[in-house]
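Engineer: Quick one: structure below, then a few questions.
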Amino acid sequence: MGSTAVGIEMRGPHGPRPSESGPAVSEDPQPTRRYQAVLLLAGFMMTFHVIGINSVFGIFQDLYTSDESKIPGTRGNDAVVSLIGTLGSGMTWSGGIFANPIIARVESVKLVTLAGVVTMSLGLLLASYSSSLWQLFLTQALLYGIGSSLYYFPIISIAPTYFDRHRGFAMGFILSGSGVGGLVLAPVLQVLLGRYGVGTTLRILAGWNFAMGVPVACVVRRRSAFNRSAGREHTRINMALVKRGTFLYQSLGAFLQAAGNVIPLYYMTSYSISILAYSRSTGSLLLAINSAVNSVSRISMGLLADRVGRQNTMICGVFLSALCVLGLWYDAARPRFVTFVVMYGIYAGGYNALVPTTISEIYGVENYARVNGFVYFVRGLGSLFGAPVAGLILGSYKRGGAGEKPAQYRNVVVYDGVLLLCAGVCVAYVRWLDARDKGAWKWRA
């Protein structure tokens, strides 16, 4: 068999129909299973890079704030250093409010995705030469964040349109790449940082991101039924949507969940090293375990959601993640902390995997792009609010595994748990409002 380009075949009642039939085709062509599989793999690799790198920033943070740091103003300063990571990840989400209109207006979404890959890799490359805080903010935060947003949203916005019955599984599989990314990157980065230092490690990461991102960008394509003229309208928020209670509380829940979700990822490593006296390699291993469990959870949550309801599954995931934080992390010794690492990985993945599917379910596919872009924008703001405030609560303290349990860490845990509990209340209220607006309560929703 000769080489063929990955594409979408036009299927008629008697087999494939050439795409040249053009305007005469009134029905949306069904994507081939082959393209769906390739798109799933591309989306998996994209989240491996984008969310995987975001989720392991705590390893960089621990090094930047340690006594080994050569960058002025970073030692013991979690509030400022965590802002670098949260700006990067926050721009990933918040950039959707700009990325989605760009996707709607640019004919080739491949070019948008490729621009994201290049910009993201450039941010990591330039960060490797940074010698001051402001340079890290410009490179590892802003430039990286802009690029990761342009890399992330083309696939995450287009992928749900290629799946219907198994949409929950599809998005869960794509987003499970983030957990695998954390699983692989956490120990690898720890080894590279120990052997080569921050600069060389960032350069290796930039090269890897570029080499793997270019093939991913070549896969992305718009489904023909979702043309650009419709896309322009579908990226604009209208007042009718804004006034709906579901929209307001879903946005508030997204803000609170993002703020709470990022805190364990950023402070899991520092807690294990500074409070529990684990080595750096063990701290990164715990983060990798959390990512691995999270990856499996995103797929299983997607499958469960397709059976018992996407909103139901998301509500349970948010509340259970809050209970894990308050019940297992608070004043945790080693055995209970390891349990927390695993259990939080199980429950925290559900929300992230199910947000896109619940948006299309509540607001309809016609409103997906505009609501999805705004919700991710709000999630970006939430991540900016979460970790830096936790850093201010934590304050400056001595690193090095003294075995003490400072009261500040207890306060961070309570702060995180309250954020997640409030997010759970918002998500549950959206479920009730959606049923009320549709005029009927369904147990499976």
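Engineer: Could you put L287, L193 in order, starting from the residue whose Cβ has the fewest other Cβ atoms within 10 Å?
Structural biologist: L193, L287
Engineer: Once both axes come from the Cα atoms, what is the angle between helix 368-394 and the longest principal axis of the chain, in degrees from 0 to 90, rounded to 10?
Structural biologist: Approximately 0 degrees, to the nearest 10.
Engineer: Another one. How big is the Kirkwood radius of segment 242-300, worked out from every pair of different alpha carbons and given in Å to one decimal?
Structural biologist: In segment 242-300 this quantity evaluates to 13.6 Å.
Engineer: I've got another one for you. How big is the charge dipole of the chain about its Cα centre, in debye rounded to the nearest 20, if each Lys and Arg gets +1 on its Cβ and each Asp and Glu gets -1 on its Cβ?
Structural biologist: The dipole magnitude comes to about 420 debye.
Engineer: Output the 0 to 90 degree angle, nearest 10, between the alpha-carbon long axis of helix 167-219 and the longest principal axis computed from the alpha carbons of the chain.
Structural biologist: 30
Engineer: Still on this model: Say the dipole of the chain comes from +1 at the beta carbon of Lys and Arg and -1 at that of Asp and Glu; which of V430, V342, I146 then lies farthest toward its positive end?
Structural biologist: Value: V430.
Engineer: Right, next: What is the packing order of peptides 89-101, 32-44, taking the mean over residues of other C-beta atoms within 10 Å and listing the highest first?
Structural biologist: Sorting 89-101, 32-44 by mean packing, highest first, produces 89-101, 32-44.
Engineer: Same structure again: Sequence gap at least 6, Cα distance under 8 Å: using those rules, report the relative contact order of the chain to the nearest whole percent.
Structural biologist: Relative contact order, the chain: 24 percent.
Engineer: While we're on this one: Can you bin segment 29-127 into rounded, prolate or oblate? Criterion: square roots of the alpha carbon gyration tensor eigenvalues sorted a ≥ b ≥ c, rounded for a/c under 1.5, prolate for a/b above b/c, oblate for the rest.
Structural biologist: prolate
Engineer: Mind computing the radius of gyration and Dmax over the alpha-carbon atoms of the chain? Å is fine for both.
Structural biologist: 21.6, 73
Engineer: Here is a follow-up. Between S279, S148, S295, where does the largest GNM mean-square fluctuation fall for the chain, given springs only between Cα atoms within less than 10 Å?
Structural biologist: For the chain, modelled as a Gaussian network with Cα springs under 10 Å, the answer is S279.
Engineer: Sticking with this one: Calculate, in nm to one decimal, what S281 and S132 gain on full extension: separation in residues at 0.36 nm each, minus their alpha carbon distance.
Structural biologist: Length difference between fully extended and current span is 51.0 nm.
Engineer: Would you work out which of V198, N367, G177 lies farthest towards the positive end of the dipole of the chain, given +1 charges on the beta-carbon of Lys and Arg and -1 on that of Asp and Glu, about the Cα centre?
Structural biologist: Among V198, N367, G177, the one farthest towards the positive end of the dipole of the chain is N367.
Engineer: Cross-chain or 8 or more residues apart, Cα under 28 Å: how many lysine pairs in the chain fit that? Count them up, please.
Structural biologist: For the chain, qualifying lysine pairs total 4.
Engineer: To continue, here is another question. Two decimals is fine: what is log10 I(q)/I(0) at q = 0.13, 0.26, 0.29 Å⁻¹ for segment 273-334, from a Debye sum with one equal scatterer on every Cα and no solvent?
Structural biologist: For segment 273-334, the Cα-only Debye profile gives -0.49, -1.10, -1.17.
Engineer: Once Lys and Arg get +1 and Asp and Glu get -1 on their Cβ, which of W134, N54, A258 lies farthest toward the positive end of the dipole of the chain?
Structural biologist: A258
Engineer: Quick check on the exposure proxy: order V219, V413, V427 from fewest to most C-beta atoms within 10 angstrom.
Structural biologist: Lowest count first: V219, V413, V427.
Engineer: To the nearest 10 degrees, how steeply does helix 78-94 sit against the main Cα axis of the chain, on a 0 to 90 scale?
Structural biologist: Between helix and principal axis, roughly 0 degrees.
Engineer: What is segment 255-389 by shape, rounded, prolate or oblate, if you read a ≥ b ≥ c off the alpha carbon gyration tensor as root eigenvalues and call it rounded for a/c under 1.5, prolate for a/b larger than b/c, and oblate otherwise?
Structural biologist: Here segment 255-389 falls in the prolate category.
Engineer: Order the peptides 329-335, 209-215 from the highest to the lowest mean number of other Cβ atoms within 10 Å of their residues.
Structural biologist: Final packing ranking: 209-215, 329-335.
Engineer: Can you put V56, V296, V198 in order of Cβ neighbours within 10 angstrom, beginning with the fewest?
Structural biologist: Ascending Cβ contact count within 10 Å gives the list V296, V198, V56.
Bear in mind these aren't lab numbers, they're just calculated from the coordinates by the rules spelled out. Since the model is a prediction, treat every value here as computed from it, not as a measurement. Note that we place each Cβ from the backbone using ideal geometry, even for glycine, and neighbour counts take in every protein chain shown.
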